[in-house]
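Undergrad: The structure follows.
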Amino acid sequence: MTDKRIVLSTAGSEGEARKIAQHLVEHQLAACVNIIPHIESIYRWQGKMESSTEWLLLIKTTQEKFPAVRDAIRHLHSYELPECIALAIEDGSAPYLDWIAQSVK
């Protein structure tokens, strides 16, 4: 197990996804953010079935920086309840994991 994390979040527009991604990388809270466009999300919100086109963010960070990533997403996001889920990276390429550590200060 490593201290590295992949954080999942979604955004309602490409512009919002880019704004969040750029903030996280610029402030060294994430080493990299992949933006996957035009996913369809089907979910229940306030008792109703909903469907939305969203942009998925895959955020590479560390366990230590996750609280700051979570707070930044909450602050920058337009959703009342933005998705923010951290998944532990069990293992990976040592040079890549080192790059994440060096990129996140």
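Undergrad: Does region 36-51 contain at least one residue that is of a type outside the set (D, E), surrounded by 15 or more Cβ atoms within 10 Å (Cβ to Cβ) and at pLDDT 95 or above?
TA: No.
Undergrad: Then there's this: What residue, of K60, K48, is in contact (Cβ under 8 Å) with a residue 40 or more places away in the chain, out of contact with any Lys or Arg (no Cβ under 6 Å at 6 or more places or on another chain), of a type in the set (K, R) and on the phi < 0 side of the Ramachandran plot? Let's see the steps before the verdict.
TA: Working: K48 fails: in contact (Cβ under 8 Å) with a residue 40 or more places away in the chain.
Step by step, each of K60, K48 is checked, and only K60 is in contact (Cβ under 8 Å) with a residue 40 or more places away in the chain, out of contact with any Lys or Arg (no Cβ under 6 Å at 6 or more places or on another chain), of a type in the set (K, R) and on the phi < 0 side of the Ramachandran plot.
Undergrad: Something else about it: Report, by residue number, each residue of region 17-39 that is in a helix (DSSP H, G or I), over 15 Å from Q102 (Cα atoms) and in contact (Cβ under 8 Å) with a residue 12 or more places away in the chain. Give the steps one after another, and end with the answer.
TA: Step one: filter region 17-39 for residues in a helix (DSSP H, G or I), giving 17-26.
Subset that is over 15 Å from Q102 (Cα atoms): 17-23.
Once the filter is applied, which keeps residues that are in a helix (DSSP H, G or I), over 15 Å from Q102 (Cα atoms) and in contact (Cβ under 8 Å) with a residue 12 or more places away in the chain, region 17-39 yields A17, R18, K19, I20, A21, H23.
Undergrad: Going by the structure shown, is V69 of a type outside the set (S, T, N, Q), in contact with a helix residue (DSSP H, G or I) (Cβ under 9 Å, 6 or more places away or on another chain) and open to solvent by 60 Å² or more (accessible area, probe 1.4 Å)?
TA: On the way: of a type outside the set (S, T, N, Q): yes; in contact with a helix residue (DSSP H, G or I) (Cβ under 9 Å, 6 or more places away or on another chain): yes; open to solvent by 60 Å² or more (accessible area, probe 1.4 Å): no.
Against the criterion (of a type outside the set (S, T, N, Q), in contact with a helix residue (DSSP H, G or I) (Cβ under 9 Å, 6 or more places away or on another chain) and open to solvent by 60 Å² or more (accessible area, probe 1.4 Å)), V69 does not qualify.
The values are calculated or read from the model by the stated rules, or taken from the named source; none is laboratory data. Note that the structure is a prediction, hence the values are computed from the model and not measured. Methodologically, a virtual Cβ is constructed for each residue, glycine included, from the backbone with ideal geometry; neighbour enumeration extends over all protein chains shown. Accessible surface areas use protein heavy atoms only, side chains included; no ligands, DNA or RNA. Shrake-Rupley method; radii C 1.70, N 1.55, O 1.52, S 1.80 Å.
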